[in-house]
Amino acid sequence: MSVTTSCPRCGGAVRPPDLMNSGSRCPRCGPVAPLHVPEHINAEIVTSVVDRLTGVAEGPRPPLWCPWPLPPGWTMTGVAWAGDENSEVRATAVACAGPAPLGGGPADLVFVAEEPGVGLGNRFAGVPGPDPGPELAEALAEPGRGHPERVAHAKIRVAGHPTPLWLVNSSTDRSAYAGEARGMWLHAIAWPASAGHLLAEEVVLHDLAEWTPPELVYGAPSPYLHGQA
């Protein structure tokens, strides 16, 4: 399996552990949990990521959240995880793509589950910082301000439970939502910004590490997992 590695916060190159540092480091961001993105996506790659998630975790692990069932016409387009090779996974990402809910072409969604401080969700949202805490506090305090494509807050179902997601500030070409599930940050980032309307529908997230549906359909690799975001 061919895998690219980058900083989860800025997308830059990461230096592996050495005699001076026990963990990976980004020259710009400092110590980080490097992001690993397989170049392709299929059932075997998903299985390998699930094995990594379940094989080294001694405590709580990040879920591998994927919409299931997928919306009509949608496919899974990528998977990623953050962590050093010999340590526990600290974040996961799943990408999906399909027709935009309001028409006008294709849309992409990336779902991120992460421990505090990883910074992966904020990277895809296009905002600085290691986690969405300040943005989420602002969204809760002033829910109507800021985003030119602002849409209603989402309330999806995560592992069978209603889960609120709050729209936070992001780059204007996308919509970014943040919330919490299973004691970890949950992010949902949509391109274009209007594709966030999909989260106002009946979206159910399932942890692929618990069970991977054999009917899952795979599409072309997500450009957003591969450096476009």
Response to the item:
Over the range 51-73, the set of residues touching a residue at least 40 places away in the same chain (Cβ under 8 Å) and either open to solvent by less than 20 Å² (accessible area, probe 1.4 Å) or acidic (Asp, Glu) (or both) is LEU53, PRO62, PRO63, LEU64, TRP65, CYS66, PRO67
Item to complete: Filter the range 17-43 down to residues that are free of Cβ contacts under 8 Å to residues at least 40 places away in the same chain and more than 16 Å from GLY227 (Cβ to Cβ), then give me how many there are.
Response: 9
Practice prompt. Could you grab me the full set of residues in the range 98-131 that are over 20 Å from PRO67 (Cα atoms), hydrophobic (A, V, I, L, M, F, W, C) and either open to solvent by less than 10 Å² (accessible area, probe 1.4 Å) or within 12 Å of the chain's Cα centre (by Cα) (or both)?
Written response: VAL118
Fill in: Top-ranked residue of the range 1-17 - restricted to ones that are open to solvent by less than 60 Å² (accessible area, probe 1.4 Å) and hydrophobic (A, V, I, L, M, F, W, C), ranked as nearest to VAL46 (Cα to Cα)
VAL3
Practice prompt. Take the range 42-97 and flag every residue that is closer than 19 Å to VAL32 by Cα, assigned to a helix (DSSP H, G or I), under 16 Å from the mean Cα position of the chain (by Cα) and of a type in the set (Val, Ile, Thr).
Written response: none
Fill in: Candidate set: the range 31-41, residues that are more than 15 Å from the chain's Cα centre (by Cα) and either crowded, with 19+ Cβ neighbours inside 10 Å or not acidic (Asp, Glu) (or both); chosen: the one farthest from GLY98 (Cα to Cα)
PRO31
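The values are calculated or read from the model by the stated rules, or taken from the named source; none is laboratory data. Not measured: the values here are computed from a predicted model. Heads up, the Cβs are rebuilt from the backbone with ideal geometry, glycines too, and the neighbour counts pull from every protein chain shown. Areas reflect the complete protein model, heavy atoms only, side chains present, ligands, DNA and RNA absent. Shrake-Rupley method; radii C 1.70, N 1.55, O 1.52, S 1.80 Å.
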